[in-house]
Amino acid sequence: MRILLIEDDYVLGEAMRDQLRADGHGVDWMQRLDDARAALDTVEYGLILLDLNLPDGRGLDLLKHLRKSGNPVPVIIATAQDQVAIRIEGLNAGADDYLVKPFDLDEMSARVSAVARRYAGIATPELQLGAARVNLATRSITLDGKPIGVTAREWAVLERLLSRRGGIVTKAEIEDSLYPFGAEIEGNAVEVYVSRLRKKLGQAVITTVRGLGYRVEP
């Protein structure tokens, strides 16, 4: 999915961005609240990772504004402030989860996936797609009991389709979830990833809805 990372610490922000991109997500990294607000006016994000103390204000103020305006985007707070009162304030303001610095990057990935599943209404991390069994928690796939390897981008496309299982996901929506600001988008990239997934999971798993997009049947 497309993730907005708001973190002013350069070393940590770079590590978080690289980890999320390795997981297949498109990541826009902002170090100031004003830049984050501008990005939110332009892009519909699948998730926000939000630091609380930023050079031009409090992350909680942005979170409160999002919720007051009715924006339901999932928000995970990442902060060095581990006081219970701060965590309670963040959760009451509408945060979905907390990461206390320093944290393990693999834990961050797991929390991002867990929050995304909850918002997509996926109660269990294990799904059956034809003969393929997909585990969203371990990011693994088996076909007839045998493990199937997929790339990070292929996995990201599959996750995007599963987030609206039974509904149509347009090519533009898939591209938007994969590529951050400034990235060069190959014209047929989505078609290539979908074709590879069909070869690995079975042709019937992903349906093309001509002129509209793609769908994974419920």
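Within the chain, what percent of beta bridges assigned by DSSP are antiparallel, to the nearest 5?
The answer is about 55 percent antiparallel.
In the full protein assembly as shown, how much of residue 192 is accessible to a 1.4 Å probe, in Å² to the nearest 10?
Approximately 50 Å² for this residue.
What does the charge add up to near residue 98, with Lys and Arg as +1, Asp and Glu as -1, over the other residues with Cβ less than 15 Å from its Cβ?
Taking every Cβ under 15 Å from that of residue 98, the sum is -4.
Would you mind finding the longest exposed-site-free stretch of the chain, with exposed GluC sites (Glu not before Pro) meaning DSSP loop and at most 15 other Cβ atoms within 10 Å?
The reported range is 45-183.
With the radius of gyration and the Kirkwood radius both derived from the Cα set of the stretch 165-218, what is their ratio Rg to Rh?
Rg/Rh: 0.98.
State the dimensionless ratio Rg/Rh of the chain (Rg: radius of gyration of Cα atoms; Rh: Kirkwood radius).
Ratio of gyration radius to Kirkwood radius: 0.98.
Pull up the DSSP beta bridges for the stretch 1-80 and report the antiparallel fraction as a percent, rounded to 5. Don't skip to the answer; put the middle values down first.
Values: 2 of 14 bridges.
Antiparallel bridges: around 15 percent, rounded to the nearest 5.
Would you kindly give the portion of the calculated P(r) for the stretch 108-166 that falls above 17 Å, as a percent of all Cα pairs?
For the stretch 108-166, the fraction of Cα-Cα distances above 17 Å is 34 percent.
Percent of accessible area on the chain owned by carbon and sulfur, 1.4 Å probe?
51
Over the chain, average the accessible area per residue using a 1.4 Å probe and give it in Å², no decimals.
For the chain, the per-residue accessible area is 48 Å².
Could you work out the equivalent-ellipsoid semi-axes for the stretch 97-207, taking the square root of 5 times each eigenvalue of the Cα gyration tensor, largest first, in whole Å?
23, 20, 14
Could you give me the ³J(HN,Hα) list for the stretch 207-216, computed from phi with Karplus coefficients 6.51, -1.76, 1.60 and θ = phi - 60°, whole Hz, x at Gly and Pro?
Couplings: 9, 8, 9, 3, x, 10, x, 10, 8, 9 Hz.
What does the charge count near residue 213 come to, summing +1 for each Lys or Arg and -1 for each Asp or Glu among other residues with Cβ under 13 Å from its Cβ?
Its environment carries a net charge of +1.
Of 151, 79, which has the most accessible area and how do the rest follow, probe 1.4 Å?
Reading off the accessible areas and sorting them downward yields 151, 79.
By how many degrees, between 0 and 90 and to the nearest 10, does the Cα long axis of helix 84-93 differ from the longest principal axis of the chain?
60
Tabulate in residue order the Karplus-calculated ³J(HN,Hα) for the stretch 27-37, using 6.51 cos²θ - 1.76 cosθ + 1.60 with θ = phi - 60°, rounded to whole Hz; enter x for Gly and Pro.
10, 9, 9, 10, 10, 9, 5, 5, 5, 5, 4
What is the helix-to-structure angle for 105-120, meaning the angle in degrees between its Cα long axis and the longest Cα principal axis of the chain, kept from 0 to 90 and rounded to the nearest 10?
Between the helix axis and the principal axis of the chain, the angle is about 70 degrees.
Tell me what the chain gives for mean residue ellipticity at 222 nm when only DSSP H runs of n ≥ 4 count, each as -39,500 (n - 2.57), the sum divided by the residue total, rounded to 500 deg cm²/dmol.
Computed mean residue ellipticity for the chain: -12500 deg cm²/dmol.
From the phi angles alone, apply the Karplus equation (6.51, -1.76, 1.60; θ = phi - 60°) to the stretch 139-149 and give each ³J(HN,Hα) in whole Hz, x where the residue is Gly or Pro.
Rounded to whole hertz, the list is 6, 10, 9, 10, 10, 6, x, 9, x, 10, x.
The values are calculated or read from the model by the stated rules, or taken from the named source; none is laboratory data. These figures come from a predicted structure and were not determined experimentally. Neighbour counts are summed over all protein chains in view; Cβ atoms, including those assigned to glycine, are modelled from backbone coordinates with ideal geometry. Only protein heavy atoms, including side chains, enter the accessible area calculation; ligands, DNA and RNA are left aside. Shrake-Rupley method; radii C 1.70, N 1.55, O 1.52, S 1.80 Å.
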